[in-house]
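Below is one structure, written out as structure tokens; comments come after it.
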Amino acid sequence: MAVATVTDTEYGYSITGGVTATTINSGKMWVKALAFAGDDATDTAVLTTIEPGAGAVTSCYKFKATTDDDASYQYAYFGEEGVPMTGLAVTLNDTGNYLYVYLA
């Protein structure tokens, strides 16, 4: 199983191409929004973070695709200031899926 490719972009990160749990950033980030584009209705993206101080992995968010592969249908907006996420990681269930992480 392949690790997803994490691409650093001007808005944050674009993640695609792998189905193994992949760390997006091991540090603390302020995430403004997340968007998911799955290529069919059974696709998912499962996100986790690490609890500061405890080091325990915690489920953070889960996306389930619709029949449309447009990321405008599956998104979470946390406000202009964003929310802190430490050790953000994602597991995509298909190599054709995309996750977008927008930083504050």
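The values are calculated or read from the model by the stated rules, or taken from the named source; none is laboratory data. All values derive from a computational prediction rather than experimental measurement. Here the Cβ is made from the backbone with ideal geometry for all residues, glycine too, and neighbour counts use every protein chain on show.
Couple of notes before you dig in:
- Residues being of a type in the set (Ser, Thr, Tyr) and crowded, with 17+ Cβ neighbours inside 10 Å - total across the stretch 15-33: 2
- One residue alone among Gly96, Gly82 is at pLDDT 90 or above and closer than 19 Å to Ala4 by Cα, and that residue is Gly96.
This table checks each residue for (1) touching a Lys or Arg at 6+ places or on another chain (Cβ under 6 Å); (2) under 18 Å from Thr23 (Cα atoms).
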{"position": "Ala45", "(1), (2)": "no, yes"}
{"position": "Asp70", "(1), (2)": "no, no"}
{"position": "Thr91", "(1), (2)": "no, yes"}
{"position": "Ala104", "(1), (2)": "yes, no"}
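- Enumeration of residues in the stretch 46-64 that are surrounded by 16 or more Cβ atoms within 10 Å (Cβ to Cβ) and touching a Ser or Thr at 6+ places or on another chain (Cβ under 7 Å): Val46, Thr48, Thr49, Ile50, Cys60, Phe63
- Any hit, the stretch 55-71, residues being in contact (Cβ under 8 Å) with a residue 40 or more places away in the chain, in contact with an Asp or Glu (Cβ under 7 Å, 6 or more places away or on another chain) and farther than 20 Å from Leu103 by Cα: no
- The sole residue among Lys28, Lys32 that is basic (Lys, Arg) and in contact (Cβ under 8 Å) with a residue 60 or more places away in the chain is Lys32.
- A count restricted to the stretch 24-39 and to residues that are out of contact with any helix residue (DSSP H, G or I) (no Cβ under 8 Å at 6 or more places or on another chain) and among the small types (Gly, Ala, Ser) stands at 4.
- Restricting attention to the stretch 71-87, the residues being buried (at least 16 other Cβ atoms within 10 Å of the Cβ) and over 28 Å from Ala54 (Cα atoms) number 2.
- Listing of strands (runs of 3 or more DSSP E) fully contained in the stretch 38-104 that carry 1 or more residues being over 22 Å from Ser26 (Cβ atoms): 44-50, 57-64, 75-77
- Single residue of Ser59, Ser26 found to be over 16 Å from Val6 (Cβ atoms) and of a type outside the set (D, E, K, R): Ser59
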